[in-house]
1. Using a/c under 1.5 as the rounded threshold, could you call the stretch 54-159 rounded, prolate or oblate? The axes a ≥ b ≥ c are square roots of the C-alpha gyration tensor eigenvalues, and prolate needs a/b larger than b/c, oblate otherwise.
2. What 222 nm value per residue comes from the helices of the chain, counting each DSSP H run with n ≥ 4 as -39,500 (n - 2.57) and dividing by all residues, nearest 500 deg cm²/dmol?
3. If each Cα of the chain is one equal point scatterer, what is log10 of I(q)/I(0) from the Debye formula at q = 0.18 Å⁻¹?
4. Taking only C-alpha pairs under 8 Å that are 6+ residues apart, what is the relative contact order of the stretch 43-126 in percent?
5. List the residues, sorted by chain then number, that are 5 or more residues from residue 6 or on another chain and whose placed amide H is less than 5 Å from its amide H.
6. Per residue, how much space in cubic angstrom lies within the convex hull of the C-alpha atoms of the stretch 47-103?
7. Which of the peptides 130-138, 2-10 is most tightly packed, and how do the rest follow, going by the mean number of other Cβ atoms within 10 Å of each residue?
8. Total Lys pairs in the stretch 61-148 closer than 19 Å by alpha-carbon, pairs eight or more apart in sequence or interchain only?
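What follows is calculated from the coordinates using simple rules that are stated; it is not laboratory data. Keep in mind the model is a prediction, meaning the values are calculated, not measured. Reconstructed Cβ throughout: ideal geometry from the backbone, glycine too, with neighbour counts over all protein chains shown.
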Amino acid sequence: MIREVIVVEGRDDITAVKAALDAEVISTNGFRFKRGLIKTLKQLEQRRGIIILTDPDYAGEQIRRNISKHIPNCKHAFLPQGKALKNGDIGVENATKEDILEAIKKARPSSVEKQSLFTKEDMIEYGLSGGANSRERRDHLGHVLGIGYGNSKQFLNRLNNFGITREEFLKAIERIDSNGR
């Protein structure tokens, strides 16, 4: 049983998450959720904590950002787009039980205090920005670290806000360099 309440976008996502693990799951009912939901989530965060698991697309990222703005101490779980894709449809409901479980296990809180451990220079040095395959490297590294995909700026913010250590980062870089994933 997962202690935190998992926040997803829709009822199909609830079904997929509950099939993967024993947890309480609540839906935003899409992008334009009601103001009362934030109040409910704040109360749940105080009592049990929350994990946000939204679709790996633009709308999912907007929902995540909006909730995080109001509830800064929540945890974030990410599914890579490739693991949430079925017949051209991207969504949590398309992921396997194993992939959902892995995403929840890798859930990370966004730090209350922002660190500046990683820089733009690190992004360039490790091929995460400015290179021909930078997008793919960020996608692979985001999966290994459990912080999801982001453009260069978003990815740097996640590295600094999600408590990634230099050691953890270097091991993940070594892993993707040695076997491509």
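1. Judged from the Cα gyration tensor, the stretch 54-159 comes out oblate (a/c at least 1.5, b/c at or above a/b).
2. -14500 deg cm²/dmol
3. -1.20
4. Once normalised by length, the contact order is 29 percent.
5. 24, 25, 26, 51
6. Roughly 77 Å³ of hull volume per residue.
7. Ranked from most to least packed, the peptides come out as 2-10, 130-138.
8. 10
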